[in-house]
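A short write-up of the structure that comes next.
The values are calculated or read from the model by the stated rules, or taken from the named source; none is laboratory data. Predicted, not measured: the structure shown is a model, and the values here were computed from it. Backbone-built Cβ (ideal geometry, glycine too); neighbour counts: all protein chains shown.
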Amino acid sequence: MIISKKAADVLTSKLVLNLNEPTKYENTDWIKPVKYVGVWWEMIMGKSTWSYANINNVHLGQTDYSKLQTNGTHAANTSYVKKYIDFAAKHGFGGVLVEGWNEGWEDWFGKSKEYVFDFVSPILILMLLN
């Protein structure tokens, strides 16, 4: 549901881009809720960040990430994910949420910039351990 005081806000909403088509699976009994842990907990705790590189003005399709040097604070990497998989297995979690990284995420916090997010091509992985 989109609710707004101005019709223009309804028209410019990106909500519809984030909706999925109804499932094509006839049997969904195999889908079970699980308790999981997420790699981005480190970001919430201030140990790591969303940012891949220190850059102040990202533009979709214009910023060349191959020319940037990583800042070493980005938590969605193989080393961290392996640690979280081991932690989840040891402590009875059913999965590890590993959110990938989309272009523009390092330049979003505290700013209102529509051109830094790619809502059409999300990267999201849920690794189930069971």
Restricting the stretch 57-79 to residues that are within 30 Å of residue 32 (Cα to Cα) and in a helix (DSSP H, G or I), the residue that is modelled with the lowest pLDDT: 78
Evaluation of residue 54 against (1) of a type outside the set (Asp, Glu); (2) modelled with pLDDT of 80 or more; (3) in contact with a helix residue (DSSP H, G or I) (Cβ under 9 Å, 6 or more places away or on another chain); (4) surrounded by fewer than 14 Cβ atoms within 10 Å (Cβ to Cβ) (one fails), failing number: (2)
Residue within the stretch 80-97 that is over 30 Å from residue 32 (Cβ atoms) and of a type in the set (Ser, Thr, Tyr) present: no
Scope the stretch 1-51; condition among the polar types (S, T, N, Q) and without any contact (Cβ under 8 Å) to a residue 12 or more places away in the chain; matching residues: 4, 12, 13, 20, 23, 27, 28
Residues satisfying the stated conditions in the stretch 18-35, i.e. aliphatic (A, V, I, L, M) and loosely packed, with under 10 Cβ neighbours inside 10 Å: 19, 31
Residue within the stretch 81-102 that is modelled with pLDDT under 75 and among the charged types (D, E, K, R) present: yes
